[in-house]
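J.: I have a structure I would like to understand better, so I am pasting it below and will then ask my questions one at a time.
Just so it is clear, none of the values below were taken in a lab; they were calculated from the coordinates. Predicted, not measured: the structure shown is a model, and the values here were computed from it. With ideal geometry, Cβ positions are generated from the backbone for all residues, glycine too; neighbour counts draw on all protein chains shown.
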Amino acid sequence: DTGVSQDPRHKITKRGQNVTFRCDPISEHNRLYWYRQTLGQGPEFLTYFQNEAQLEKSRLLSDRFSAERPKGSFSTLEIQRTEQGDSAMYLCASSFQETQYFGPGTRLLVL
Amino acid sequence: GDSVTQMEGPVTLSEEAFLTINCTYTATGYPSLFWYVQYPGEGLQLLLKATKADDKGSNKGFEATYRKETTSFHLEKGSVQVSDSAVYFCALSDTYSGGSNYKLTFGKGTLLTVNP
């Protein structure tokens with residue numbers, strides 16, 4: 001069991017640029033979640049996949065955000081035209097049933 | 001909607017002191033309750049969970065009891081160690097969310113610092 005991995009761990013970008021993050025879940029887990037965590041706050045739900053289907057998106061997920069999970073394995077989260085307010089830790093989690101296991105996160109800084 | 005309220009931090013204790021971190025929740029259905037811990041520079045790790053009323057979750061000396069009558073899930077440890085210094089998050093997963101997607105709603109987190 002290698003756990004949930006995320007890449008990159010850190011990303012610094014300039015406002016207006018596009019960024020893409022990758023999440024590799026635990027291999028037998030069919031559920032995958034993305035959360036966003038800002039400083040001093042708890043993680044907030046962004047979106048959820050069951051296998052390759054994206055079944056729920058939060059209102060936090062503006063049109064500039066898109067997530068995919070092709071073939072029900074790894075997932076990508078893309079942010080287009082980044083804004084300074086997008087600076088946060090982006091967390092991925094996976095599960096087989098209820099208990100979610102989190103990756104180390106990708107910390108994004110938008111300058 | 002669902003919400004979780006944790007006691008404000010930071011909490012600073014001496015080694016071997018008793019720890020309580022309060023957590024209360026609001027949910028529309030029948031939530032499962034969790035405590036996650038985040039050590040410096042690391043991701044969230046599941047500490048313990050309880051899935052129904054009066055269940056007690058326990059792990060590494062930490063305990064929390066699911067109290068439906070008070071909508072609470074307070075975290076306790078009898079004797080903290082320096083290595084317990086971390087941020088602790090209370091969370092719920094509302095199984096009545098119309099499809100059982102199990103998404104988590106978190107509290108803001110409580111920073112615990114344990115001094116030798």
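J.: Taking neighbour counts of Cβ atoms within 10 Å as a proxy for exposure, in what order, fewest first, do A:26, B:21 appear?
T.: Lowest to highest Cβ neighbour count: A:26, B:21.
J.: Hey, how many Å between the Cα centroid of the stretch B:1-76 and the Cα centroid of the stretch A:37-80?
T.: 25
J.: Can you give the relative contact order of chain A as a percent, counting alpha carbon pairs under 8 Å and 6+ residues apart?
T.: On the way: 278 pairs, mean separation 41.0, N = 111.
So the answer I get is 37 percent.
J.: For all pairs of alpha-carbon atoms in the protein assembly as shown, what percent lies in each bin of width 10 Å, listed from the first bin to the last filled one?
T.: 8, 33, 35, 20, 5, 0
J.: Net charge near residue A:86, counting Lys/Arg +1 and Asp/Glu -1 over other residues with Cβ under 15 Å of its Cβ? Could the numbers behind the result be given before it?
T.: On the way: positive: A:11, A:14, A:15, A:36, A:64, A:81, A:107; negative: A:44, A:63, A:78, A:83.
Local net charge: +3.
J.: Which ³J(HN,Hα) values, rounded to whole Hz and listed in residue order, are derived for the stretch B:111-116 from phi using the Karplus coefficients 6.51, -1.76 and 1.60 in 6.51 cos²θ - 1.76 cosθ + 1.60 with θ = phi - 60°, glycine and proline given as x?
T.: 7, 10, 10, 10, 9, x
J.: Determine the alpha carbon to alpha carbon distance for each of B:56/B:77; A:57/B:103; A:14/B:108 and list only those over 18 Å.
T.: Working: B:56/B:77 13 Å; A:57/B:103 11 Å; A:14/B:108 28 Å.
Checking Cα-Cα distances, A:14/B:108 exceed 18 Å.
J.: Around residue B:49, with a cut-off of 9 angstrom between Cβ atoms, what is the net charge of the other residues, counting Lys and Arg +1 and Asp and Glu -1?
T.: Taking every other residue near residue B:49 into account, the sum is -2.
J.: For chain B, rounded, prolate or oblate, judged on the Cα gyration tensor with a ≥ b ≥ c (square roots of eigenvalues), a/c < 1.5 rounded, else prolate if a/b > b/c?
T.: Prolate.
J.: To make sure I understand the rule: partners must be aspartates and glutamates, Cα under 17 Å from the Cα of residue B:68, and not fewer than 8 residues away in the same chain. Which ones qualify?
T.: Cα-Cα hits under 17 Å: B:2, B:54, B:55, B:94.
J.: Quick one: Karplus J couplings for the stretch A:52-67, per residue in order, coefficients 6.51, -1.76, 1.60, θ = phi - 60°, nearest Hz, x for Gly and Pro?
T.: For the stretch A:52-67, the Karplus curve yields 8, 8, 8, 9, 8, 10, 6, 5, 5, 7, 6, 5, 6, 9, 9, 10 Hz.
J.: From Cα pairs below 8 angstrom and at least 6 apart in sequence, can you work out the relative contact order of chain B, rounded to a whole percent?
T.: This gives 36 percent for chain B.
J.: Okay, next question. So which chymotrypsin sites (Phe, Trp or Tyr not before Pro) in the stretch B:23-116 pass both tests, a DSSP loop state and at most 13 other Cβ atoms within 10 Å of the Cβ?
T.: Loop-located and lightly packed - B:96.
J.: Under 15 Å from the Cβ of residue A:15, count the other residues' Cβ atoms, weight Lys and Arg +1, Asp and Glu -1, and hand me the total.
T.: Every neighbour counted, the sum reads +2.
J.: Could you tell me whether chain A comes out rounded, prolate or oblate from its Cα gyration tensor? Rule is a ≥ b ≥ c as square roots of the eigenvalues, rounded for a/c under 1.5, then prolate if a/b exceeds b/c, otherwise oblate.
T.: Prolate.
J.: Quick query: amide H of residue A:74 versus all other amide H atoms, modeled in the peptide plane; which residues come in under 5 Å with a sequence gap of 5 or more or a different chain?
T.: Here nothing satisfies the definition.
J.: What is the distance, in nm, between label points placed 7 Å from the Cα along the Cα-to-Cβ direction at residue A:78 and at residue B:113?
T.: Label-label distance for residue A:78 and residue B:113, simple model: 4.3 nm.
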